[in-house]
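Have a look at the structure below, then the notes.
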Amino acid sequence: MTKIEKRKAAFIDRDGTLIEEVNFLSRLEDLRLFSFAAEAVRRLKESSFLIVVVTNQSGVGRGIFEESAMHAIHAQLKTDLELDAFYFCPHLPTDGCRCRKPNTGMIEQAAQKFSIDLENSWMIGDKAIDVETGFNAEIKTALVLTGYGRNAARELTRKPDVTAENLLEAVWKITEN
Ligand SMILES: [Zn+2]
């Protein structure tokens, strides 16, 4: 029997972390990649991280935009960046699903599919719920101060492993360990 090699992953939030925060982003013309995103993703790949985007998209469940509009945005992001997978939660906060962050459903699904080494994996995001997702999944956590990050830094009662100005700085800190 061959032993399956487990890979570490960087679970990255989308809005406010990889791209500029736009309320209920649904149009390609409103998509603004952060200038440092490509370099940050490239450095993570060089350090053998699998790159998994995990995003709450309740705009789908609320009927604000079509799921196809979101897929078009993800297709564009996949063209621009070396991303391995996307997981999204289309549900409303009141739906009580397992996938909406800070629940860990998206991380668990990805961990199973890609045989992820969670012990060496990170959750990176700009909201308190992103960091809490990492706490709940018992993986390492990085808060970025773009998007809603400054509010999150005040809200969080437990400190993330890393706090950084933006995704690239977070990646420097993560990969130097
Ligand atoms: Zn969900």
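Read the figures in this text as sums done on the coordinates, not as results from a lab. Since this is a predicted model, take the numbers as computed values, not measurements. Note: ideal-geometry Cβ built from the backbone for every residue, glycine included; neighbour counts use all protein chains shown.
Points to keep in mind about this one:
- Dipole orientation for the chain: of the candidates Phe36, Phe24, Gln112, Gln112 has the Cα lying most toward the positive pole (charges on Cβ; Lys, Arg +1; Asp, Glu -1).
- Simple label model, 7 Å out from Cα along Cβ direction - Phe36 to Glu82, nm: 1.9 nm
- Kirkwood hydrodynamic radius over Cα pairs of region 22-105, then Stokes diffusion coefficient at 10 °C and 1.306 mPa s, in µm²/s: 114 µm²/s
- Given charges at beta-carbon only (K, R positive; D, E negative), |dipole| of the chain in Debye: 340 debye
- Sites Trp172 and Phe135 - FRET efficiency at Förster radius 25 Å, r taken between beta-carbons, to 0.05: 0.65
- Note on Glu155 and Ser47: their simple-model spin labels are 2.5 nm apart, each label 7 Å out from Cα toward Cβ.
- Cα gyration tensor category, rounded, prolate or oblate, for region 65-162 with a/c compared to 1.5: rounded
- Across all directions, the average projected area of the convex hull around the alpha carbons of region 60-107 is 3.8 nm².
- Order of Tyr148, Tyr87 under a 10 Å beta carbon neighbour criterion, fewest first: Tyr87, Tyr148
- When the P(r) is computed for the chain, the part past 21 Å accounts for 45% of the Cα-Cα pairs.
- Gain in span if fully extended, Ile64 to Phe114, counting 0.36 nm per residue against the direct Cα distance: 14.9 nm
- Cα gyration tensor shape of region 1-67, rounded if a/c is under 1.5, else prolate or oblate by comparing a/b with b/c: oblate
- Separation between Cα centres of region 117-134 and region 29-58, rounded to whole Å: 14 Å
- Ranked by the mean number of other Cβ atoms within 10 Å per residue, highest first, peptides 127-135, 96-104 order as 127-135, 96-104.
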